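S.K.: Sharing a structure here in structure tokens format.
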């Protein structure tokens, strides 16, 4: 249920909600250094320096995704020589050795999700900077998905870690995590921080009220 | 300072009037469609029960080997912290740190914070430093990745099964259950009821 008939935003009404505990409180629009009356978190109408922070983290991730894909994430040494696997060669190996479902999981988690995340965040940042009015609801949904799926990229790091720990038979056979795993882990962490810095409310700050609001419906879950 | 009857959407900043929900209900923003709040009258009790369960599972999951493998007489097994140790000695401190933080430290803090907040509340007392612990819980949650680790374990096992016989250990099953217990504990934590109870007891 909206306050009044037109759509009013919290910022225009001088009302903001704590990011951490959700408490709604009043504040002067230009106020700085506010803290939540209930949980003590710092309060702001919009995340501070959202766009420049998100860009900085995103560019760092773009740089690191190159070594993450080119350097080996795993090195297998055995009596018959040593093998180096990058993310992609690992996926291809799984596919050709008959573990297609596994190959699909790893492809989505290690290649598709990081790439889609970088491109989506770039798109969101550019669209906000260009003050785009296009499809704010869909862009917000895109942001929500980006925020939710990022963690699943960690699968490859865990696989490299567990294989390293388990396959330690000296010169007979041993697996070591490669330097690509470091770069890859950094990409995952950086994109999680980048998504966290981006403020989806910026999408709506430029947009016109789309349609008259209806009451917030209580849906049975 | 506070105006309880209003809700501000955290994704599009729309100002909305709060509507009462039936049990299990979910309020959505009319403009961007994001979830605003839920109403789970029994949520905190459920959350506490699952958090206490998670403590037991967490201890078991970290005390026993997750998997053992046996390949032509070569045996090996590892616990989670054992794997972190191997990575540390293998000149991979950053990977070791990442694994340690996301699968051990953060889940432990998450479970600990939930119990710290909810157990005294259940006994009718407000623990000291509620705001700080609440903020800690909020900060820790995005980095607690038990469910992702679980999928990583399944992939690891399937990969190893191609070259050795793999025996899942008791810790593996504990991790599966831990994943569900942590998710249920987090899902039941009704923030609004939590603060209402803290306010009522103060």
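S.K.: From other protein chains only, count the Cβ atoms within 10 Å of every residue's Cβ in A:163-175, then give the mean.
M.R.: Per residue, the average neighbour count from other chains is 6.
S.K.: Give the relative contact order (percent, whole number) for segment A:23-89; include only Cα pairs under 8 Å separated by 6+ residues.
M.R.: 17
S.K.: Taking R0 as 41 Å, what's the FRET efficiency between residue B:141 and residue B:70 from their Cβ-Cβ distance, rounded to 0.05?
M.R.: The computed FRET efficiency comes out at 0.60.
S.K.: Most exposed first by the Cβ proxy, i.e. fewest other Cβ within 10 Å, how do B:138, B:10 rank?
M.R.: Going from sparsest to densest Cβ surroundings: B:138, B:10.
S.K.: Would you mind classifying segment B:1-45 by shape? Square roots of the alpha carbon gyration tensor eigenvalues, ordered a ≥ b ≥ c; an a/c under 1.5 is rounded, otherwise it is prolate if a/b is larger than b/c and oblate if not.
M.R.: It comes out oblate by the Cα gyration axes.
S.K.: If we sort B:162-173, B:191-202 on the protection proxy, mean other Cβ atoms within 10 Å, highest first, what's the order?
M.R.: Going from most to least packed, we get B:162-173, B:191-202.
S.K.: Taking the beta-carbon count within 10 Å as an exposure proxy, list A:173, A:162 from fewest neighbours to most.
M.R.: Ordered by Cβ neighbours within 10 Å, fewest first: A:173, A:162.
S.K.: Shifting gears a bit: Divide by every residue of chain B the summed helix terms, -39500 (n - 2.57) for each DSSP H run of at least 4, and state the resulting mean residue ellipticity at 222 nm, rounded to the nearest 500 deg cm²/dmol.
M.R.: Taken over chain B, the calculation gives -18000 deg cm²/dmol.
S.K.: For segment B:83-137, calculate the relative contact order in percent as a whole number, restricting contacts to Cα pairs under 8 Å that are 6 or more residues apart.
M.R.: For segment B:83-137, the relative contact order is 26 percent.
S.K.: Further question on the same structure: Determine, from the Cβ-Cβ distance of residue A:78 and residue A:42 and an R0 of 41 Å, the FRET efficiency 1/(1 + (r/R0)^6), rounded to the nearest 0.05.
M.R.: Using R0 = 41 Å, I get an efficiency of 0.15.
S.K.: Could you list A:138, A:147 in order of exposure, starting from the residue whose Cβ has the fewest other Cβ atoms within 10 Å?
M.R.: A:138, A:147
S.K.: Looking only at other chains, what is the average number of their beta-carbon atoms within 10 angstrom of each beta-carbon in B:84-95?
M.R.: Shielding by partners across B:84-95 averages 5.
S.K.: Other chains' Cβ within 10 Å of B:99-109 residues: what's the mean?
M.R.: 2
S.K.: Quick one: give the max-minus-min coordinate of the C-alpha atoms of the protein assembly as shown along each principal axis, largest first, in Å.
M.R.: Largest to smallest, the principal-axis extents are 75, 54, 37 Å.
S.K.: Would you mind computing, in nm to one decimal, how far apart the modelled labels at residue B:119 and residue A:135 are, each placed 7 Å from Cα along Cα→Cβ?
M.R.: Distance between label points: 4.9 nm.
S.K.: Under 17 Å from the 7 Å Cα→Cβ point of residue B:129, by amide nitrogen: which residues of segment A:16-43?
M.R.: A:39-41
S.K.: Per DSSP H run of at least 4 residues, take -39500 (n - 2.57); add these up for chain A, divide by its residues and hand me the 222 nm value, nearest 500 deg cm²/dmol.
M.R.: For chain A, the value works out to -15500 deg cm²/dmol.
S.K.: When the Cα centres of segment B:114-150 and segment A:22-83 are compared, how far apart do they sit, in Å?
M.R.: 22
S.K.: Residues of segment A:37-61 with the amide nitrogen closer than 14 Å to a label point 7 Å from the Cα of residue A:206, along Cα-to-Cβ, please.
M.R.: Residues A:51-52 qualify, since their backbone N sits under 14 Å from the label point.
S.K.: Something else now. On a 0 to 90° scale, report how tilted helix B:43-63 is relative to the longest principal axis of chain B, with both axes built from alpha carbons and the result rounded to the nearest 10.
M.R.: So the inclination is approximately 20 degrees.
S.K.: For chain B, take the longest principal axis of its alpha carbons; what is the angle in degrees between that and the long axis of helix B:130-140, to the nearest 10 within 0 to 90?
M.R.: 50
Computed from the coordinates by the stated procedures, all read-outs in this text should not be read as laboratory data. What you see is a predicted model; the values in this text were computed from it and never measured. FYI the Cβ positions are ideal-geometry reconstructions off the backbone, even for glycines, and counts take in every protein chain you see.
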